Amino acid sequence: MEQSIKLMVDGKTYELPILVGTEGERAIDISQLRQMTGLITLDPGFANTGSCKSSITFMNGERGILRYRGYPVEELAEHSTFVETAYLLINGELPTRKELTRFSVMLNDHSLVHEDMREFFQNFPRRAHPMGILSSMVNAMRAFYPELPDRTEEEETNVSFARLLSKVRTMAAMSYRISRGHTVVYPRPDLLYAANFLNMMFYSPVRPYEIDPDVVNALNAFWILHADHEQNSSTAAVRLVGSSRVHLYAAISAGICALWGPLHGGANQAVIEMLTAIQANGGDVAPFVARAKDKNDPFRLMGFGHRVYKTYDPRARIMKKVCDRVLNNLKRHDPLLNIAMKLEEVAIKDSYFIDHHLYPNVDFYSGIVLRAMGIPLNMFTVMFAIGRLPGWISQWKESIDDPERKLHRPRQVYVGKNKRNYVPIDGRG
Ligand code: CMC
């Protein structure tokens, strides 16, 4: 039965349709509201605004559920690989063996970075943040890889997807090598995606890097857990920028910029900085918890809280397991893990965090996983960006294929000055 809601404005009643998603969530369709009533809706931060219909990712923040194309993220993190999950997100179904091989061959074929681009890379200042470098490089990809007239639109799109997934990983490793003054290591055709990345990062001619399968598994799980998260800030940026019909690389570059911020992907770096500060302060978490609760202090517990999850982030639970497993397998002890566990223990029992529904999010334990792999701190958000690529790509594709697609152009309620006349400079003040 079709559902609707009645709205009374100035004594007149209007009926607005209610849309029901496949998991039963309901939304009021306000697309005709202004036309019918002259009103718009106001929702700062879009906390209650659905910007699209999507069949990619389902999350339920009250019950702590996350599924990609219907598959629980817990099952994918346990059994899938990042490349397989990327295929699933982009194409909607898990690949057959043949499809997966074809996809992997395509990623391998596009893994090298244009030599001119590599030189371009080298001119960034050594201390530049890798996220700034990455967003610029991705935007520059259109210049180095222009559209070819002999390709169909579909071929061009598929090649762009493969280039992004494969080259961004190569560029990330390249930027790390260059920042350390080391020679660039090229991708190897005999290595799978995650192993190849680790080799490009850590191979040394004087001390060959041994690829540890436990680290490869942890990296696959890390990337799978970041692969998509419906209409988060960076994905919304990709869709918004993409809605102007700019090329894919520019839209993804915008997503990378949005991800960089400490309230979004930059939180994984900020968590380690916070844990390190607690350690330097003698390891007592209490003053940091007190600061996070203090209304007059802008400090927040990084890796805590989420716009949608009002319970434990399911990704944080899996990430903690990945963290325990990788440290155990590598026989490593990380003192920051003890501090993180203590902080979680104290915060989740505290009435402020309970009342505000603040629980650990994906970033809380992910930095410790990355540290165990030897990934440097300033590369943490880049690792998130590589993981989020399949999500950005699939969401961009869905928006482009949507027959109802429109330029994203929100409205506003103007609260500024009313009309006034220009005053010449001598008459002011
Ligand atoms: N520590 C202390 N207080 C917090 C925190 C926190 N981490 N997060 C939210 N609050 C409080 C906030 O002060 C406010 O309190 P009050 O209502 O009393 O003024 C209330 O909770 C609501 O905060 P908000 O900023 O309006 O809520 P939001 O839904 O916009 O915030 C968030 C979501 C992720 C930006 C926020 O929880 C935060 O800043 N967390 C720390 C940064 C972080 O870990 N980000 C990673 C998010 S998960 C990875 C990703 O997908 O990007």
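The values are calculated or read from the model by the stated rules, or taken from the named source; none is laboratory data. For clarity, every value in this text was computed on a predicted model and none was experimentally measured. Here the Cβ is made from the backbone with ideal geometry for all residues, glycine too, and neighbour counts use every protein chain on show. Ligands, DNA and RNA are excluded from the accessible area calculation, which covers all protein heavy atoms including side chains. Shrake-Rupley method; radii C 1.70, N 1.55, O 1.52, S 1.80 Å.
Excluding ligands and nucleic acids, what accessible area in Å² is computed for THR101 using a 1.4 Å probe, to the nearest 10?
80
Using the Cα centre of the chain as origin and beta-carbon charges of +1 (Lys, Arg) and -1 (Asp, Glu), tell me which of ASN296, HIS79, ASN378 is placed farthest towards the positive end of the dipole.
Ranked along the dipole, the leading option is ASN296.
Among GLY391, LEU7, THR170, whose Cα lies farthest out toward the positive end of the dipole of the chain, if unit charges sit on the beta carbon of Lys, Arg (+1) and Asp, Glu (-1)?
Final value for the positive-end residue is LEU7.
Do the sum for the chain: with -39,500 (n - 2.57) for every DSSP H run of n ≥ 4, divided by all residues, what is the mean residue ellipticity at 222 nm, to the nearest 500 deg cm²/dmol? Intermediate results must be reported in sequence, preceding the final value.
Numbers: 18 runs with 223 residues, N = 429.
Value at 222 nm, helices only: -16500 deg cm²/dmol.
Size of the dipole of the chain about the Cα centre, Lys and Arg at +1 and Asp and Glu at -1 on the beta carbon, nothing else charged, in debye to 20?
Working: 51 positive and 47 negative charges, 232 e Å.
Its charge dipole is roughly 1120 debye.
Which value, in debye to the nearest 20, gives the size of the charge dipole of the stretch 101-182 about its Cα centre, when Lys and Arg are +1 and Asp and Glu are -1 at the Cβ? If you can, show how the numbers build up before the last one.
Working: 11 positive and 10 negative charges, 147 e Å.
Magnitude of the dipole: close to 700 debye.
For the chain, calculate the relative contact order in percent as a whole number, restricting contacts to Cα pairs under 8 Å that are 6 or more residues apart. Write down the numbers at each step before the final one.
On the way: 535 pairs, mean separation 84.3, N = 429.
Reported as a whole number, the value is 20 percent.
Checking the cross-link filter: which aspartates and glutamates have an alpha carbon closer than 13 Å to that of LYS406, excluding same-chain neighbours under 8 positions apart?
In chain and number order, the partners are GLU398.
Work from the charge dipole of the stretch 1-125 (Cβ charges, +1 for Lys and Arg, -1 for Asp and Glu, about the Cα centre) and give the residue of THR101, THR49, LEU16 farthest towards its positive end.
It is LEU16.
Restricting to lysine pairs 8 or more places apart or on different chains, what number in the stretch 301-381 have Cα atoms under 20 Å apart? Provide the component values of the computation, followed by the final result.
Working: LYS310/LYS320; LYS310/LYS349; LYS320/LYS331; LYS320/LYS342; LYS320/LYS349; LYS321/LYS331; LYS321/LYS342.
The number of close lysine pairs in the stretch 301-381 is 7.
Can you give the charge dipole size of the stretch 9-67 about its Cα centre, rounded to the nearest 20 debye, using +1 on the beta carbon of Lys and Arg and -1 on the beta carbon of Asp and Glu?
Numbers: 6 positive and 7 negative charges, 26 e Å.
My answer is approximately 120 debye.
Using a Gaussian network for the chain with springs between C-alpha atoms less than 10 Å apart, which of these wobbles most: LEU112, LEU198, LEU148?
Of LEU112, LEU198, LEU148, the Gaussian network model singles out LEU148 as fluctuating most.
Could you run the Karplus curve 6.51 cos²θ - 1.76 cosθ + 1.60 with θ = phi - 60° over the stretch 2-12 and give me ³J(HN,Hα) per residue in whole Hz, x for Gly and Pro?
Karplus-based 3J(HN,Hα) across the stretch 2-12 equals 5, 9, 8, 10, 9, 10, 9, 10, 6, x, 9 Hz.
Net charge near GLY64, counting Lys/Arg +1 and Asp/Glu -1 over other residues with Cβ under 13 Å of its Cβ?
Details: positive: ARG63, ARG67, LYS310, ARG315, ARG317; negative: GLU62, GLU74, ASP313.
Summing Lys and Arg as +1 and Asp and Glu as -1 gives +2.
Would you kindly find the accessible area of GLU93, with a 1.4 Å probe and non-protein molecules such as ligands, DNA and RNA excluded, rounding to the nearest 10 Å²?
Spelled out: GLU93, probe radius 1.4 Å, area about 120 Å².
Short version: what are the Cα gyration tensor semi-axes of the chain, square root of 5 times each eigenvalue, largest first, in whole Å?
Ellipsoid semi-axes (Å, largest first): 36, 29, 25.
Taking the full set of protein chains and a 1.4 angstrom probe, give the accessible area of CYS257 in square angstrom, rounded to the nearest 10.
Accessible surface of CYS257 is approximately 70 Å².
Taking square-rooted eigenvalues a ≥ b ≥ c of the alpha carbon gyration tensor, is the stretch 8-54 rounded, prolate or oblate, where a/c under 1.5 means rounded and, failing that, a/b exceeding b/c means prolate? Present the calculation step by step, with values, prior to reporting the outcome.
Values: a/c = 2.48, a/b = 1.52, b/c = 1.63.
Because a/c hits 1.5 or more and a/b fails to exceed b/c, the stretch 8-54 counts as oblate.
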